[in-house]
Amino acid sequence: MNATRTGRATVRTGRATVAVAAAVVLSFTSAGFANGATGAVPRDHGEDEITVGIKYDQPGIGLKTPDGTYTGFDVDVATYIAKELGHDPSDIVWKEAKSADRETLLQRGDVDFIAASYSINDERAKKVDFAGPYLLAHQDVLIRADDDSIKQPSDLNNKKLCSVTGSTSAQNVKDKIAPDAQLQEYGGYSECLTGLENGVIDALTTDDSILAGYAAQSQFKDKFKLAGFKMSNENYGIGVQKGSELKAKINTALEKMVADGSWDAAVKKNFGPANYQNEPAPEIGVVVK
Ligand code: GLU
């Protein structure tokens, strides 16, 4: 542990202790819970604990797998940052950060930082601070493989278009891309995917980095395609509380991650399987409008 550890992590020790106490009670009622190998006993993260908000439903970016592990580019970036802040991977407590909840999670102090396909924009920057950017993505559209009616963004007008509440994608559609689209906003992207599969919606719009991950999933093989529209610049930032000293430390960590090749390795590992052609590493502090 080094001196850069967050102040909040120490404050949280009390809660971790309560969790351990609860686990001890459970261990008297069920022998299974007492066995650490089952994973049922919460670890005592203690004062080294750090809580990170990620997406749980975005393969290649932030995904909670059925066996309870976490994978994706954001997970790798967050793990690198946490390490630079003095926290081992086992000290990280992952928390789901849905698109509409991110500012609130930070403002309430429920998470130390957020790495969740979180685009930097002026509206959000009024409430939270951003380190980065650490990835430049673009808004695109996922459609059924046999759909040849959507050739340009304006073809989305009058179509049933799905996006997620609180995302820049939903806002962009309303403001400029296709104001006459029949926009359905759901809480998470998986609901949009189901709708696209069964024909309830015509297209799902969000960042190409996210859509590539969905299109590559085995259950959707040959069912969907990306339209290939670059409808916006989405500069992914690491969200922190307004005024937090973490911003500068995270920027230093991100610079190191690019310089030592870890950023490239994370890109290959997470975007390679979906064949996502990412942009080069952004310059820290430079948001591409
Ligand atoms: N990057 C966009 C955003 O921050 C869309 C992806 C998401 O909802 O996380 O809103």
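The values are calculated or read from the model by the stated rules, or taken from the named source; none is laboratory data. The model shown is predicted, which means the values in this text are computed figures rather than measured ones. Because the Cβ atoms are built from the backbone with ideal geometry, glycine has one as well, and the counts that use them run over all protein chains shown.
A few notes on this one:
- Comparison of C192, C162 shows that the only residue that is among the hydrophobic types (A, V, I, L, M, F, W, C) and part of a strand (DSSP E or B) is C162.
- Failed criterion for T168 (all others in (1) closer than 19 Å to K55 by Cβ; (2) away from the ligand (no atom under 12 Å from the Cβ); (3) of a type in the set (S, T, Y) hold): (2)
- Checking each residue in the range 133-164 for being within 12 Å of the ligand (Cβ to nearest atom) and farther than 13 Å from T205 by Cβ picks out P133, L135, L136.
- Here T104, T51 are screened, and the one residue that is within 26 Å of E245 (Cβ to Cβ), at pLDDT 95 or above and either in a loop (DSSP other than H, G, I, E, B) or away from the ligand (no atom under 16 Å from the Cβ) (or both) is T51.
- Per the listing N235, N278, N270, the residue uniquely buried (at least 16 other Cβ atoms within 10 Å of the Cβ), under 16 Å from A125 (Cα atoms) and modelled with pLDDT of 95 or more is N235.
- Beta carbons closer than 7 Å, at least 6 apart along the sequence or on distinct chains, pair a first residue in the range 249-273 that is charged (D, E, K, R) with a second that is modelled with pLDDT under 95 and surrounded by fewer than 16 Cβ atoms within 10 Å (Cβ to Cβ) for K249/T4.
- Within the range 114-129, the set of residues being more than 11 Å from the ligand (Cβ to nearest atom) and either under 27 Å from Q277 (Cα atoms) or outside any strand (DSSP E or B) (or both) comprises D122, A125, K126, K127.
- For the range 215-237, residues that are in contact with a strand residue (DSSP E or B) (Cβ under 8 Å, 6 or more places away or on another chain) and away from the ligand (no atom under 12 Å from the Cβ) total 9.
- Looking only at the range 52-79, and only at residues there that are surrounded by fewer than 23 Cβ atoms within 10 Å (Cβ to Cβ) and under 13 Å from I238 (Cα atoms), the one that is farthest from the chain's Cα centre (by Cα): T79
- Test for G60: is it of a type outside the set (F, W, Y), part of a loop (DSSP other than H, G, I, E, B) and more than 14 Å from the ligand (Cβ to nearest atom): no
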